[in-house]
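**Q** Got a structure for you, questions after.
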Amino acid sequence: MTPDQIILFSLFGAVFGLLLWGRFRYDLVAFSALMVGVVLGVVPVNDAFSGFGHPATIVVALVLVVSAGLVRSGAVFLITRTLVDASRGLGSHIALMGGIGAVLSAFMNNVAALALLMPVDIQTARKAGRAPGLSLMPLSFATILGGMATLIGTPPNIIIASIRAESLGEPFSMFDFAPVGGIAALAGLIFVALIGWRLIPDRGTTDDHSEALAQYIAELTIPKESPHIGKRLAELDETADKSDVAILGLIRDGKRRYGRAANTILRTGDALVLEAAPEALDEFRTALNLDFSDTRRQEVLTAAGDGLEVIEVVVTETSRILGKTAQAIGLAWRQNTVLMGISRQGKRITKQVRKTEVEAGDILLLMCPRDRGPDVTDWLGCLPLAERGLSVTANEKVWLAIGLFAGAVMAASLGLIYLPIALGLVVVAYVLTKIMPVSEIYDHIEWPVVVLLGSMIPLGSALETSGGTELIAGSLISLTNGLPAWAILTVLMIVTMTLSDVLNNTATTIVAAPVGIQMANTLGVSADPFLMAVAVAASAAFLTPIGHKNNTLILGPGGYQFGDYWRMGLPLEILIIAVSIPAILVFWPM
């Protein structure tokens, strides 16, 4: 290996290692690696920021804005409210929601599609009296599958098309992915609807499990002149039992008392550590006339004169509060909102709630001024668990929004206009017709993904220029020497899937696509089947909650554990390979 190859392989190894560790956000890791690459001379200075103007980066950003416009117009809720019915059986519900999710994710970012449908699915589960975890994983997998069918459905497809344009002179068009990705998606949806959901562990009866899902670790404080001052903590057990609240312990002077502290004499300012559903928590607080966890926050809420409401939100990888505490971001004084509790499935919270660092997948129980819930949710960058009404855009603009988007997709598909330009025109039209307020455009762009793409693309180009991808491709060719074409594609898909299950699928695609092209060049065959194999495999991340953002989003609301995903995900990945290889060889022959 050359010195440049050694440096680049070391950088990619460090990036993958840090992404697996998860201590630092992926955009910071990727950008730091880019800067190190520039300083060490393996990435040319003139190319350092070329990734930020790359068509793939622009398209990903525009798709997110267009998706937000479709939401604000009410187009998505028009579909879900018309079709979703809580009286349907679980299998029928999963098939219907999965179909809707797959179709939506084919034409908008699949993370955005899940974000739109997840509150609908959870509310339907609650109305039906069943555990949301029985349907959320199938919905997540369905939205991932649907994105495989079109160019704009998922970032890996956009990246693959851009890499093909650079390497072969022409990108894939809008529906070039449909013959392979569509077949894989259809097979996957049928499996999920008929068999897959039955493999999800059911940890209790529907009513009990659904109730358990809403359990939060929360704190309530003994106020001044409370009649409970001087009592032992154990004396509150009877009221707690009636309210269906579990008293876990006591915090005094900012420190958790050892054990449950049942015999501790209560003082003013003591904070009770509780586990309860939102309704039970409020009942217990009212019964004992307790305060929220500090006087200042109580005063903030009291000042919000129009009343209060309780909302539940899910933390995503791009939420403002991720990795921070409610106290650190000033939730109380900035938004007049109190963090009442945190639900973190499978993990115990040992710190004070307001001093607990929030993780992706956590469900937060918030109390805020009435009618401020949507604003607080947007400010935090979280997803709501309660269904919101249609957004501020008037309903008569639903069909205008759909028509503008459909026209752009059609024009791009027929080659009449370059896709990024078509999407850019849709964004302009959405602003001019007031479907999307200009002040909110940048709020809907997932900037960490933009930074990740902008940083990894120059690194990927440098790896290819240095001969690094040729070296990897040569190793895979040697490994599959003498094997038939389908076996070579299978190995490439397995390697790509494995990486995508533990890393960001965008980073996986940037590395794997040039390797696929180099393998094709070494074998003297068309690169298209290898690119299609990488596109499908990079999106098929079903084994872990960290392989795809959609899987992370459902971790908390679904009450899943890390090991739950492979039960349905492993047979699904095997099925994807089994149907994709023949489809690739038929529609994209070597």
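**Q** Show which lysines lie in cross-link reach of Lys434 when reach means a straight Cα distance below 28 angstrom and same-chain residues fewer than eight apart are skipped.
**A** Lys397
**Q** From the phi angles alone, apply the Karplus equation (6.51, -1.76, 1.60; θ = phi - 60°) to the range 570-582 and give each ³J(HN,Hα) in whole Hz, x where the residue is Gly or Pro.
**A** 5, x, 5, 5, 4, 4, 4, 5, 4, 8, 6, 4, x
**Q** Under 20 Å Cα-Cα from Lys127, which aspartates and glutamates qualify once same-chain neighbours fewer than 8 residues away are excluded?
**A** Lys127 reaches Asp85, Asp202, Asp207, Asp208, Glu211, Glu279, Glu312, Glu387.
**Q** Then there's this: Looking at the P(r) of the chain, how many percent of alpha-carbon pairs lie beyond 44 Å? Please report the intermediate quantities before stating the final value.
**A** On the way: 38938 of 173755 pairs.
The answer is 22 percent, as a whole percent.
**Q** Using the Cα atoms of the range 145-206, I'd like the radius of gyration and the largest Cα-Cα distance, Dmax, both in angstrom.
**A** Radius of gyration, then largest Cα-Cα span, for the range 145-206: 16.4, 57 Å.
**Q** Averaged over every viewing direction, what's the projected area of the C-alpha convex hull for the range 393-436? Give it in nm², one decimal, please. Walk me through the intermediate numbers first.
**A** Working: hull surface 10.7 nm².
Averaged projected hull area, Cα only: 2.7 nm².
**Q** At 1.4 Å probe size, with no ligands or nucleic acids counted, give the accessible surface of Arg354 in Å², nearest ten.
**A** 40
**Q** Can you give the Rg/Rh ratio of the range 503-580, where Rg is from the C-alpha atoms and Rh is the Kirkwood radius? Each step should come with its number before you reach the end.
**A** Numbers: Rg = 14.8 Å, Rh = 13.7 Å.
A ratio of 1.08.
**Q** Accessible surface of Leu18 in the full protein assembly, 1.4 angstrom probe, to the nearest 10 Å²?
**A** 60
**Q** Around Met340, which amide H atoms from residues at least 5 apart in sequence, or from another chain, sit under 5 Å from its own amide H, with H modelled in the peptide plane?
**A** Those lying under 5 Å, H to H, from Met340 are Leu365, Leu366, Met367.
**Q** Could you work out the helix-only [θ] at 222 nm for the chain, with each DSSP H run of four or more residues adding -39,500 (n - 2.57) and the total divided by the number of residues, to the nearest 500 deg cm²/dmol? Write down the numbers at each step before the final one.
**A** Details: 24 runs with 322 residues, N = 590.
Here the helix-only value at 222 nm equals -17500 deg cm²/dmol.
**Q** Quick one: angle between helix 505-523 and the longest Cα principal axis of the chain, in degrees between 0 and 90, rounded to 10, please.
**A** 20
**Q** By average Cβ neighbour count within 10 Å, what is the ranking of 531-539, 488-496, 371-379 from highest down?
**A** On the way: 531-539: 30.3, 488-496: 21.6, 371-379: 17.3.
Those peptides, ordered most packed to least, come out 531-539, 488-496, 371-379.
**Q** Taking the solvent-accessible surface of protein heavy atoms with a 1.4 Å probe, what is the per residue accessible area of the range 472-590 in Å²?
**A** Details: 3720 Å² over 119 residues.
That works out to 31 Å² per residue.
**Q** If packing is taken as the average number of other Cβ atoms within 10 Å across a peptide's residues, how do 433-442, 183-192 rank, most packed first?
**A** So the order, starting with the most tightly packed, is 183-192, 433-442.
**Q** So for the pair Thr2, Ile402, with labels modelled 7 Å out along Cα→Cβ, what separation do we get in nm?
**A** 5.4
**Q** At 1.4 Å probe size, what's the solvent-accessible area of Glu309? Round to the nearest 10 Å².
**A** Around 50 Å² of this residue is reachable by solvent.
**Q** Now for a different question. Quick check: at a probe of 1.4 Å, how many percent of the accessible area of the chain sits on carbon and sulfur atoms? Provide the component values of the computation, followed by the final result.
**A** Values: 14210 of 23900 Å².
Answer for the chain is 59 percent, counting heavy atoms of protein chains only.
**Q** How large, in Å, is the range 352-507 by the Kirkwood hydrodynamic radius built from its alpha-carbon pairs?
**A** Values: mean 1/r = 0.0477 Å⁻¹.
In the range 352-507 this quantity evaluates to 21.0 Å.
**Q** Taking every pair of alpha-carbon atoms in the range 449-540, what share in percent sits in each 5 Å bin, from 0 to the bin with the longest distance?
**A** Pairs per bin, as whole percents: 2, 16, 25, 26, 20, 8, 3, 1, 0.
**Q** Expressed as an acute angle from 0 to 90° and rounded to the nearest 10, what is the orientation of the C-alpha long axis of helix 398-413 relative to the principal long axis of the chain?
**A** Helix 398-413 and the main axis of the chain meet at about 20 degrees.
**Q** D for the range 8-131, whole µm²/s, Stokes-Einstein with Kirkwood Rh over alpha-carbon pairs at 37 °C and 0.692 mPa s: what number? Before the final figure, lay out the partial values.
**A** Working: Rh = 17.8 Å.
Answer from the Stokes-Einstein relation: 184 µm²/s.
**Q** Would you calculate the convex hull of the Cα atoms in the range 1-44 and tell me its volume per residue in Å³? Could the numbers behind the result be given before it?
**A** On the way: hull volume 2.3 nm³, N = 44.
Spread over its residues, the Cα hull of the range 1-44 gives 51 Å³ apiece.
The values are calculated or read from the model by the stated rules, or taken from the named source; none is laboratory data. Everything numeric in this text was worked out from a predicted model, so none of it was measured. All Cβ positions, glycine included, derive from the backbone under ideal geometry; neighbour counts span all protein chains shown. Calculation scope for accessible area: heavy atoms of the full protein, side chains included, ligands and nucleic acids excluded. Shrake-Rupley method; radii C 1.70, N 1.55, O 1.52, S 1.80 Å.
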